[in-house]
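The values are calculated or read from the model by the stated rules, or taken from the named source; none is laboratory data. Because the structure is a prediction, the values reported are computed rather than measured. Here the Cβ positions follow ideal geometry from the backbone for every residue, glycine too, while neighbour counts run over all protein chains shown. Surface accessibility is based on the protein's heavy atoms, side chains included, excluding ligands, DNA and RNA. Shrake-Rupley method; radii C 1.70, N 1.55, O 1.52, S 1.80 Å.
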Amino acid sequence: MASPESYIGKPVSDLPTPSFVLSKPTIERNINQLHQDVDKLGIAFRPHVKTLKSLEVTRMMLGSKHRRIVASTIPEIEGAVPLVKEGVLDECLYSMPIYPSVLPRLQEITKTLAISLMIDNEQHIEVLEKFNETNPSAPWPVFIKIDVGTHRAGIVNSSSDLPGLVKRAEESSAVELYGFYCHAGHSYACRTEESAVEVLKEELEGVVSASKHISTSRKIAVSIGSTPTAHVVKELKSVLPENLELELHAGNFPCNDLQQLSTGLIPHSAQSIRVLAEVCSVYPERNEALVNAGTIALSKETSEFPGYGRVTDRPTWGVVRTSQEHGILGLSVSPALKLLGVAKEVQEKAEETWNVGQKVLLYVQHACITAAAYGVYYVVDEKDIVRETWVPWKGW
């Protein structure tokens, strides 16, 4: 791992295991499709850099027209700063509701890159006012986070505190109200295009409704999105009030994974991420095999697909159990497997299917969490030959 570039030009099967493998042609197709959708709608786009935390894919997500990003960690923001010097990035939204200890680091970044903040509570404004007393700066641009059903962060539209929060933001000398933001994380439970469209509409209605508390008619941004709803953004036909600018945000879309495939909104060929693992042992008595990709390499998240990963060319086999570094390959069936091209149940014997040292490629459940475990991404072409290595931003 000290010299990942030494694998450039080699087939994916030559990589050490476990390895994180990216299909660049698939990433490019996924990004181009979303760019086409937002271009047709004439709306703004703000990619989230939380999944493939790297300069290379951030540059691709921005393309030639989009100049804003959203990030969840400071290293993600700091890592993207070279794009400012390239002239392709202007502004970044720090997506965590603001807290005191991060403000000095963000203020330092503002010397190079414009930063906007997330708030959902009047205490956030108090924190910013107190910080600005001892660290004089221009008002911080802020989004008010609206909870449209995910129940992770944000204030609900029905809250009696929302009008007061908007009023406080408009009157404070420490902040400038940039707009309203929501993230429909619960859209991952969608299983049809129709249900995803409904969630998309709920997002839009949520931020538009919140914007009605503004006392002036100045231009305000409303930012909506998640990867499942981004897949159906082309269905968005609502007309916004003239004082609102619509912005879409999404992060997982270049990658996709089994969770995204479970929504029924993408084909399995849109998955650009795989993990290369190696068979370490075979157990005929229980019809299972052992691979060196466990919880750390794959994550503990699941979906409609059983287990924690599926063998790409034998999808009836999946990682059915994990411990820290161990993954157990076993046969498991589910109606969802038809999305991976499984027409019927196949009974195979482990001892006839797997050999010690055999390498297997696995589709993953949640690309964002899986990617965080790896210090290098091996980027392959359409023939699975390594062409590039990308080093992601790590830490908080």
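The criterion of at least 3 residues that are crowded, with 23+ Cβ neighbours inside 10 Å and out of contact with any Phe, Trp or Tyr (no Cβ under 7 Å at 6 or more places or on another chain) is met, among helices (runs of 4 or more DSSP H) falling completely within the range 193-282, by 193-211.
The residue that is surrounded by the fewest Cβ atoms within 10 Å (Cβ to Cβ), counting only those in the range 27-63 that are part of a loop (DSSP other than H, G, I, E, B) and modelled with pLDDT under 95, is Gly42. Filtering the range 198-214 to residues that are modelled with pLDDT of 80 or more and either of a type outside the set (D, E, K, R) or in contact with a helix residue (DSSP H, G or I) (Cβ under 7 Å, 6 or more places away or on another chain) (or both) leaves Glu203, Leu204, Gly206, Val207, Val208, Ser209, Ala210, Ser211, His213, Ile214.
Could you tell me whether any residue of the range 343-358 is open to solvent by 40 Å² or more (accessible area, probe 1.4 Å) and closer than 30 Å to Thr58 by Cα? Looking for residues that are open to solvent by 40 Å² or more (accessible area, probe 1.4 Å) and closer than 30 Å to Thr58 by Cα, one finds none in the range 343-358, hence no. Applying the criterion of being charged (D, E, K, R) and more than 16 Å from Val320 (Cβ to Cβ) to the residues of the range 330-348, the residue that is modelled with the lowest pLDDT is Lys344. The C-beta contact set for the range 1-16 (first residue farther than 12 Å from Lys383 by Cβ and assigned to a loop (DSSP other than H, G, I, E, B), second residue among the small types (Gly, Ala, Ser) and modelled with pLDDT of 95 or more, distance under 9 angstrom, 6+ apart or interchain) comprises Met1/Gly375. Cβ-Cβ contacts under 6 Å between residues 6 or more apart (or on different chains), taken from a first residue in the range 381-396 that is more than 20 Å from Cys368 (Cβ to Cβ) to a second residue that is open to solvent by 40 Å² or more (accessible area, probe 1.4 Å) and in a loop (DSSP other than H, G, I, E, B), are listed as Val386/Ile8; Val386/Lys10. Have a look at Pro100, Pro82, Pro104 and point out the one that is in contact with a Leu (Cβ under 8 Å, 6 or more places away or on another chain) and either modelled with pLDDT of 95 or more or among the acidic types (Asp, Glu) (or both). Going through Pro100, Pro82, Pro104 in turn, just one is in contact with a Leu (Cβ under 8 Å, 6 or more places away or on another chain) and either modelled with pLDDT of 95 or more or among the acidic types (Asp, Glu) (or both): Pro82. For the range 76-90, which positions are open to solvent by less than 20 Å² (accessible area, probe 1.4 Å) and of a type outside the set (Gly, Ala, Ser)? Hits for the range 76-90 are Glu76, Ile77, Leu83, Leu89.
It is to be established whether one or more residues within the range 288-297 are touching a residue at least 12 places away in the same chain (Cβ under 8 Å), under 25 Å from Leu34 (Cα atoms) and of a type outside the set (Phe, Trp, Tyr). The answer is no; no qualifying residue exists. Looking across the range 36-51, the residues that are out of contact with any helix residue (DSSP H, G or I) (no Cβ under 9 Å at 6 or more places or on another chain) and farther than 12 Å from Ile224 by Cα come down to Asp39, Gly42. If the condition is being surrounded by fewer than 15 Cβ atoms within 10 Å (Cβ to Cβ) and either touching a His at 6+ places or on another chain (Cβ under 8 Å) or assigned to a strand (DSSP E or B) (or both), then the range 153-166 contributes only Pro163. Of the residues making up the range 309-325, those that are surrounded by fewer than 19 Cβ atoms within 10 Å (Cβ to Cβ) and more than 26 Å from the chain's Cα centre (by Cα) number 1.
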